[in-house]
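Enquirer: A single structure is presented below for examination.
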């Protein structure tokens, strides 16, 4: 039986995700990393890879961890690409905060922004947004 964890150059076999078994050494590394993480989302990522590495199927892992099967596949591919560091790397980019948007408007059009605040329209919009 071939261990995918020992052959990271074998990316093609991940397409079907038939056998994602990892070596005992890799599983030990993942368990150690799991004990060290402090954020639940990181723990879930490691859990998914450990379960796949033990020979469980993608659908079973996804069902057990309440994840989408494609997410489970992605986590395993990321682990194969760069180990625990790549698996835990956060690549999410959020949207701008309201405060940042206001700061940009204030910087680009200070007079119009001051007029908007003085007019009181923002109060009505805020009340409508919160109450209705």
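Enquirer: Mind ranking 44-51, 55-62 by how tightly packed they are, going by the mean number of other C-beta atoms within 10 angstrom, highest first?
Expert: Numbers: 44-51: 22.2, 55-62: 16.8.
Per-residue Cβ counts within 10 Å, averaged per peptide and sorted highest first, yield 44-51, 55-62.
Enquirer: Return, ordered by residue number, the residues of the stretch 24-65 whose backbone nitrogen is under 14 Å from a label point located 7 Å along Cα→Cβ of residue 77.
Expert: Flagged as within label range: none.
Enquirer: While we're looking at this one, here's another question. Each label point is 7 Å from the Cα along the Cα-to-Cβ direction; what then is the distance between the points at residue 97 and residue 41, in nm?
Expert: Placing both labels 7 Å beyond Cα along the Cβ direction yields 1.6 nm.
Enquirer: Here's a follow-up. Gap in Å between the Cα centre of the stretch 24-60 and the Cα centre of the stretch 101-117?
Expert: Comparing the Cα centres of the stretch 101-117 and the stretch 24-60, I get a distance of 48 Å.
Bear in mind these aren't lab numbers, they're just calculated from the coordinates by the rules spelled out. Computed from a predicted model, the values in this text were never measured in an experiment. Please note: Cβ atoms are built from the backbone with ideal geometry, for glycine as well, and neighbour counts cover all protein chains shown.
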